[in-house]
Structure formats: C-alpha cells, structure tokens
Amino acid sequence: MAEVTDVVCSLCGCVCDDIVVEVENNAVTKVKRGACSVGKAKLLGHHRIKAPMMRVNGELKEISYDDAIKKAAEILAHARRPLLYGWSSTVCEADRVGVELAEYLGGVVDNTATVCHGPSVLAIQDVGLPSCTLGQIKNRADIIIYWGSNPTAAHANHMKRYSYISKGFWTAEGKKDKKMVVVDVRETKTSKMADVFVQVKPGGDYPVFSALRAILRGQAEIIPDEVGGVPKAKLLEVAEMMKKAKFGIIFFGMGVTHSRGRQNNIVNAIQLTRAAHLYGKWSIMPMRGHYNVTGFNQVCTWQTGFPYSVDFSRGYAWYNPGETSSTDLLARGEADAALIIASDPGAHFPGEALRHLAKIPTVMIDPFPNPTMEFADVVIPVAISGIECEGGVYRMDNVPLRLRKVIDTDYYIPDEKIVERIFDEVRAIKAKEGGV
Amino acid sequence: MEGIKAILISGRTMIQGQNLDSKLSEDFNEVAVVCELHVQDMASLGVAPGEPVKVTTAFGSVVVKAKQDEGNPVGMVFIPMGPWANALVSGNTHGAGMPSYKGIAATVEKTTGPVLSVKELMRTYMG
C-alpha cells in the first residue's frame, strides 16, 4: 500500500489539490483527506466502458481501438457540418487538438459552457469582470454572497476551502470573521447556513441586482416596497452589509445563467460589484462546474480568439452563441455528425436537441457509460484524467493547475492521444479522397 | 384527477453529483427521477412521497416520483438536473445559446406511472 499526496481532483471547478489517497494493487482503495463526497466517489471508481464499441444492427459491439478510431474518423471526415462538443472533463492538451481538428474539418467546436456559464462569458465580454483568485478570497473576504448557487450540493468543498468556513490570513477565526448572504428562489442547505437569506421570485434576479445598485449609489428612495419578491427592508439590510465589507465577493451560479435574463443578469451582477467599489474592495466570480470547463474557454480563446461555440464553416473562426451554440445547431437539425467528448449531452441537453442528436452519426469519447451512449454509433473509452493520466486544467478562478497521475493503465488511452489519432486518420481520408 | 400549475426549476443535488459518472446505474435512477414539492402541493395532488406524478410543460412530459421538500415555495417544483428534467426543457435559446432550464411553466398531476429508466427515456428520442 502506498500513500499519494497532493492529488488534484478532476470533478468540479474547485479543483481541490490537497487530496491524500491510498493506492494498493494499482487501484485507489481509500481517500484519506481532502475530497468531498462527490470527488471521493470519482476517485474510488465507477463502472467503466470496458472496450471500444461500434453500433451494429442497433446494438453496440466491442471492436479494437484501431477500428474504432478509423470509424470515428470516417464519420467526421464525411460530415458537412460536424459538431465537436464537450471538452470540459478533460485536460487542456486534449482541448488544443480538438479545436485544431474542428478547424481542419470546418466544423463547430463548443464546450459545456454553452449550457452552464455561457451567458456569464457573454456578459464578461460585454462589461469585463472585476475578479480575483480563490486564495485571495480565503485570506481576505469578510462578506461572501452566493447568488443562484448552491455549493453544498454542487461544490461541496468550496465553503470549507475558499470562503465562509475557511480560515485565512486576515480571517483567522473562520466564519466568526465573516458574513454570508445567500440569494436563491428556494431554501437549500446553503441558505440555511447563511446569516441572511434573500428569497427572490423565479426570474426576479435582474430587478434585485438593479435595486441593490440603486441603493449603493444613494438612490434608496426610488425603490418600491418589494422588488423581485424581496421586501425593501431586506434589500436595505443587504446593501448595508455590502457597504461595510472590507473585501466582498459575489459567487454566482446557474440560478442566474439559466433564468430569464441570462447574460443580462450577469451584466447587472457585475455592475453591482462595481457599485460596491464605492465602499470597499469587491470581486465577482462564476461558480464553474466541470473541473476544466474554464480551461477549454482559455484554450479556445488562445487558438481562435473566442471562448466557445466557434464555427469554422466559413474558413475562419465565427462566434455567435444563439446561432453557433450546440443546442441551437441541434434543435435546428443542422449538425450532420457529432463528436461528443468528456461530457454528457444525453443527460443535459433539452429533449428537442436530443431528438436530432439521436438521428445523426455520433462518436462518444469518455471513460464512463452515460445516457449519450444510447445514441452513440462509435464509443471510445479513455483513461481518466487526474487518476490515470496527467494534464493541465484551469480552476474556476482561472488559476492553472496540473492534474496528477495516481495509478497506471496499460489499456486505456488518454483523450489527447485518441483525438490526435482520429485527426491523423481524418487527414489520411482527406488526402485519399480529396477535400480539405 | 385535477393537476396543479407550477413553476419548474432544475439543478444540481449532492447525490445526483455523486452519480455523475454512473448515470446508467440504479442509484442514479433513484435520485434523479424525483420531483420535489412543497407538502401543501403534495396534499393538493393527494400524493404520498414516492408515488408517481406526471410533470408536463409545453415541451414534453415525464413521470417521476414525488418527494417532499419544504425548501420549495408552494407552486414551485424542483427536478434534479438530468434526462428527466431536460425532457421538459425547450430547445429555444432566445438568441443566447442557453436553454431555459429554470422557471418553466408546468402542470403536475397524480398518475399511475410508469417511470421510465434512463435508457427507456433516451429511446423515446429515437426513430
């Protein structure tokens, strides 16, 4: 038995990097410290896809890696409008090859931001983002706001490592030195821990951001008795807390990106952060979901100038979420083939988009079986990044970290190598048949 | 049986997260195939915890199991993010690329089932 320290978790955007595990007979047998229950479940292992597969007469049959890669390349090389989607539960090295492959194919490359913080990215491009690192928050923040975000369910270590419960250099007493405000449409475990819970009506976030901005800018008298389901007295209470902060942070989640207003909600949240600068230091940060959803947006921006939903069909990078985003492309019935990697649209896309995905030839690359597999024509299993192979990822605060390899695999191939091999085959097909 | 009108939201739950990489398992079927309702809404529908309810929106309909949750205001129902919730979501992104996963007008009614498994639900998209 061996102890491995400083294991980096490849589950959520917290990317906890202080995990200690025990390894025996090339398997993780125990998670000793550091991981939350969700991260622990991943480290201890799940059912795997045992071998590459291809659909024959409606049933998936096992085939060799070589044959699966060839078949995947044929599907992509012969498509006119392929969608290359996912890229968030893998490492930046794989994302780099994926973006290049999409450009070569004249396809569309998109990541899971399209169904999580896509609107946040749009808002940040519009008005910028006054932000900071999680380390700064841990050491300095005395007021923490979780808005439309439920970290006890989605980012279980977030409060302990970085915010309300963590003990920092200037917040040595932990939560005694801090106040927490939770804004949500319903009571959650997170809201029950808060010093102040602000319950908004569904879709009421935008006016509540506006009302707080007005109060911070000295216009409290124009606020009606109730805004977005929140009594004026509660808004005044929160604004007073915000005025007193030395270092405040607004963390926001799907509660605002998935609701009416979308990117406009986030623009307003960022403007609220700016208004709070009249009184103290404030930052704002999206609670990114997958461990490397942020990394794909970084990589895609380096390579194309745009963070996600990039369409290469014109011969250059074209970015227009709402047109070039996966849900739209599928719901319009436009994509004629799909490569799904490191994500699960089968579980997370609207039914209307799935009806089209089910019709088109689909290649799935993932370590684990999932609902998308029901539609897949070629299934290629891979090594688990952060357990069986290493690579670079970006934490939710855009801090790059390197995933470690904890155990060996003599069978499964990393995502990067699989995508490279598919790319090589695609080039060979195009060289033979003409095309690109 | 008369149904109730409700606002549907979907989102992460802890147990659903623990089963992120095992969505075809029985466990995932157990945790993601629920609809959390306020006790008053459960009483209006005449359903007990674990009994099937049919949730319908303009975009689809699914049968899931009722679960009591006092965190939801009366008239708001919650389904964990996953295939069952998404069967009820529109593909229209209003020009932003983002579907409306939260705040969907829905009706909830008592039913006799059946609750579909992940695989059965996925098959409804085929053909």
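Each reported figure results from applying straightforward, stated rules to the coordinates on display, with no laboratory input. Because the structure is a prediction, the values reported are computed rather than measured. Cβ placement follows ideal geometry from the backbone for every residue including glycine, while neighbour counts extend to all protein chains displayed.
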Farthest toward positive dipole pole in segment A:118-286 [+1 Lys/Arg, -1 Asp/Glu at C-beta], among A:Gly229, A:Gly204, A:Ala153: A:Ala153
Can you order the peptides A:346-357, A:88-99 by their average number of other Cβ atoms within 10 Å per residue, highest first? A:88-99, A:346-357
Between rounded, prolate and oblate, where does chain B land on the alpha carbon gyration tensor, with a ≥ b ≥ c its root eigenvalues, rounded for a/c under 1.5, else prolate if a/b exceeds b/c? rounded
Stretch gain in nm, segment A:Ala27-A:Ala431, where the contour uses 0.36 nm per residue and the Cα spacing is subtracted: 141.2 nm
Going by alpha carbons, how many degrees (0 to 90, nearest 10) lie between the helix axis of A:232-244 and the longest principal axis of chain A? 80
Relative exposure of B:Ile9, A:Ile145, judged by other C-beta atoms within 10 Å (fewest first): B:Ile9, A:Ile145
Leading residue at positive end of dipole, segment A:312-436 (Cβ point charges), from A:Ala335, A:Val382, A:Phe312: A:Phe312
With everything on Cα atoms, drop me the angle between helix A:293-304 and the longest principal axis of chain A, reported from 0 to 90° to the nearest 10. 70
Please give the charge dipole size of the protein assembly as shown, origin at the Cα centre, charges +1 on K and R Cβ atoms and -1 on D and E Cβ atoms. Round to the nearest 20 debye. 1400
In the protein assembly as shown, what is the volume of the convex hull around the alpha carbon atoms, normalised per residue and reported in Å³? 140
Heads up, segment A:1-140 by the C-alpha gyration tensor (a ≥ b ≥ c square roots of eigenvalues; a/c under 1.5 rounded, else a/b over b/c prolate, else oblate) looks oblate
Residue-normalised 222 nm signal for chain A, counting each DSSP H run of n ≥ 4 as -39,500 (n - 2.57), nearest 500 deg cm²/dmol, is -10000 deg cm²/dmol
Quick one: order A:Thr152, A:Thr294, B:Thr124 by neighbouring beta-carbon count within 10 Å, fewest to most. B:Thr124, A:Thr152, A:Thr294
How shielded is B:74-85 by partner chains, expressed as the average number of their Cβ atoms within 10 Å of its Cβ atoms? 3
Please enumerate, by chain and number, the lysines with C-alpha under 19 Å from the C-alpha of A:Lys138, excluding those fewer than 8 residues away in the same chain. A:Lys160, A:Lys167, A:Lys175, A:Lys176, A:Lys178, A:Lys179, A:Lys244, A:Lys246, A:Lys281
Against the longest principal axis of chain A, how steep is helix A:65-77, in degrees 0 to 90 to the nearest 10, with axes from Cα atoms? 70
